[in-house]
Amino acid sequence: MTCWDPRTEDMSKAELQAIQYKHLKTLVYKLYSFSRFYHDRMKEANVHPDDIRSLEDIVKLPFMYKKDLRDNYPDKMFMGGQEELVRYHVSSGTTGKPTVVGYTQNDLNNWATSVARALTSIGLGRKDIIQISYGYGLFTGGLGLHYGAERIGATVVPASVGNTERQIELIQDLKVTAICCTPSYMLHLAETSERMGVDISRDTMLRTAVLGAEPWSEGMRERIQEFTGVNAYDIYGTSELSGPLFTECIEQNGIHIWGDMAYVEVLDPETGEQLGPGERGELVVTMLQKEALPMIRYRIGDLTSYDDSTCACGRSHTRISRITGRVDDMLIIRGINVFPSQVEHALLAVPELGEHFQIEVNRKGSLDTMLVRVEMNPTAFSDKIDDLMSLKRRVSRVLHSMLNISAEIELVGPGTLARSEGKAQRVIDRRSI
Ligand code: DLL
């Protein structure tokens with residue numbers, strides 16, 4: 001196998017576990033001694049660092065949730081001072097408050113190393129020209145892949161998102177061999193190039209696509225591979241863990257989680273009990289080397305299963321299967337995480353609106369669209385077309401400024417939306433992936 005980091009990637013299970021235990025032990029002592037948040041959490045759970053005597057003892061440690069990050073907004077959970085921080089990334093949280101992630105230089109180095117190993121494992125290297133069509137900026141996709149791709153010595157085209165025709169010209173003119181983007185954008189790119197009369201497999205050098213940041217299926221992989229002639233690989237990560245971190249290798253048979261960086265568990269979401277290999281449950285990750293924002297037993301909310309057997313590529317690091325859903329109601333629309341509670345929060349900021357709303361997600365061509373259908377407040381209800389148009393524009397602006405997403409708005413009269421006796425049906429997802 002071709003490795004970026006042969007010493008680590010080639011380790012036996014036993015060597016990996018020894019390293020994981022060493023990192024875990026150090027991390028737990030450090031957090032117990034220096035982090036108010038973790039100290040209190042461990043006290044509440046009645047666990048002391050001395051109680052962690054093996055890797056299996058990780059189950060004694062308390063869980064962390066996205067809510068913890070929100071409650072400690074923006075940086076109350078960070079370790080060390082501002083002088084240690086070299087970057088922030090910010091992603092959407094479950095209400096108006098976003099999640100802020102800070103990075104030390106070591107955090108950035110480990111992140112780039114993880115991406116470098118991942119890209120190498122799918123056969124990319126110095127000879128490649130990699131177009132990065134994830135958003136650059138507060139989102140982790142663009143910069144995360146950028147530094148990983150530079151680290152392996154590839155030539156990077158930092159295209160970021162949008163302007164699809166220009167992206168296709170760049171792919172042709174700069175002889176791009178690999179692209180990193182969301183799977184839905186890859187399909188959109190393929191459809192646009194077809195309209196432009198460009199056949200990706202014949203007229204370009206593009207052979208590899210590194211796709212993630214949103215759920216996709218094996219069916220979608222087949223469609224993309226057949227349509228474009230590229231090999232498509234799944235890449236996974238979340239901003240709290242750093243950003244995009246882990247991919248499949250050329251075997252396309254599970255996402256390799258670098259064991260020296262992360263320890264994974266899959267739990268029954270109801271009971272919190274650990275599940276065995278192949279059993280589907282909630283992914284929980286402990287980042288073993290993160291400095292600025294350590295994450296212990298973080299309940300990400302993604303559903304998957306794990307496989308501890310050695311991959312056909314030779315690596316013995318644990319693999320997880322494709323993410324098949326979430327335990328909560330988070331939607332991912334054009335790569336942006338959207339919680340219905342955030343939409344509610346934004347709508348409540350507009351006094352003319354009532355509290356009943358519905359989100360309808362559709363796929364037009366290969367791109368996701370979001371329609372927000374919302375009842376008007378009885379006192380503000382008007383059927384004057386000008387009033388309605390200006391209100392629609394205002395609602396759309398509020399949603400855009402709070403969620404960073406464009407939505408079509410449909411205003412309906414009070415009492416129009418179906419009421420439910422149980423949970424309100426806030427989301428109609430018409431996408432099939
Ligand atoms: O989406 C980081 C990323 C960037 C991953 C580029 C891959 C490529 P967040 O915005 O924090 O971070 O969203 C994380 O997106 O918990 C999953 O629900 C979902 N997600 C990410 N990758 C995949 C994937 C980035 N390959 C959330 N398959 C995660 C399914 C994915 N879902």
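Scanning region 201-249 for residues that are under 20 Å from the mean Cα position of the chain (by Cα) and basic (Lys, Arg) yields a single hit, Arg221. Out of Lys22, Lys30, Lys43, one residue alone is over 24 Å from the mean Cα position of the chain (by Cα) and either of a type in the set (Asp, Glu) or within 25 Å of Ala116 (Cβ to Cβ) (or both). It is Lys22.
Residues checked against (1) over 26 Å from Arg326 (Cα atoms); (2) within 12 Å of the ligand (Cβ to nearest atom):
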position: Leu145; (1), (2): no, yes
position: Pro158; (1), (2): yes, no
position: Glu165; (1), (2): yes, no
position: Thr177; (1), (2): yes, no
position: Pro183; (1), (2): no, yes
position: His188; (1), (2): no, no
position: Glu194; (1), (2): yes, no
position: Asp203; (1), (2): yes, no
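A count restricted to region 223-253 and to residues that are touching a strand residue (DSSP E or B) at 6+ places or on another chain (Cβ under 9 Å), more than 24 Å from Thr310 (Cβ to Cβ) and more than 15 Å from the ligand (Cβ to nearest atom) stands at 3. Taking the listed residues Gly413, Gly365, the one that is over 30 Å from Pro269 (Cα atoms) and open to solvent by less than 30 Å² (accessible area, probe 1.4 Å) is Gly413, with no other qualifying. Scanning region 131-182 for residues that are assigned to a helix (DSSP H, G or I) and either touching a strand residue (DSSP E or B) at 6+ places or on another chain (Cβ under 9 Å) or not charged (D, E, K, R) (or both) yields a count of 17.
Within region 205-214, track down each residue that is within 16 Å of the ligand (Cβ to nearest atom) and over 11 Å from Ala232 (Cα atoms). Result: Ala213, Glu214. Against the criterion of being within 14 Å of the chain's Cα centre (by Cα), more than 26 Å from Pro6 (Cα to Cα) and either of a type in the set (S, T, N, Q) or within 13 Å of the ligand (Cβ to nearest atom) (or both), Arg299 qualifies. The residue list Tyr88, Tyr103 contains one member that is crowded, with 20+ Cβ neighbours inside 10 Å, outside the structural domain of Val343 (by TED's automatic domain parsing) and modelled with pLDDT of 95 or more, which is Tyr103. Those strands (runs of 3 or more DSSP E) of region 344-433 in which at least 3 residues are not aliphatic (A, V, I, L, M), considering only elements entirely within it, cover 353-364, 367-376. With the structure loaded, tell me whether Val198 is β-branched (Val, Ile, Thr) and within 25 Å of Trp258 (Cβ to Cβ) or whether it fails that test. For Val198, the condition - β-branched (Val, Ile, Thr) and within 25 Å of Trp258 (Cβ to Cβ) - is not met. Where strands (runs of 3 or more DSSP E) sit wholly within region 226-339, those with at least 3 residues that are touching a residue at least 12 places away in the same chain (Cβ under 8 Å), of a type in the set (Val, Ile, Thr) and assigned by TED's automatic domain parsing to the domain that holds Ala209 occupy 281-287. Just one residue in the set Lys66, Lys43 is open to solvent by 40 Å² or more (accessible area, probe 1.4 Å) and charged (D, E, K, R); that residue is Lys43. Screening Glu270 against (1) more than 13 Å from the ligand (Cβ to nearest atom); (2) crowded, with 19+ Cβ neighbours inside 10 Å leaves a single unmet condition, (2). In region 319-354, the qualifying residues are those that are touching a strand residue (DSSP E or B) at 6+ places or on another chain (Cβ under 8 Å) and among the small types (Gly, Ala, Ser), and the one that is most open to solvent (accessible area, probe 1.4 Å) is Ser321.
Is it the case, given these coordinates, that Asp107 is assigned to a loop (DSSP other than H, G, I, E, B) and of a type in the set (Asp, Glu)? Judged against the criteria, Asp107 is not a match.
The values are calculated or read from the model by the stated rules, or taken from the named source; none is laboratory data. These numbers come from a predicted model, not from an experiment. When we count neighbours, we look across all protein chains shown, and the Cβ atoms used for this are built from the backbone with ideal geometry, even at glycine. Please note that ligands, DNA and RNA were not included when accessible areas were found on the heavy atoms of the full protein model with its side chains. Shrake-Rupley method; radii C 1.70, N 1.55, O 1.52, S 1.80 Å.
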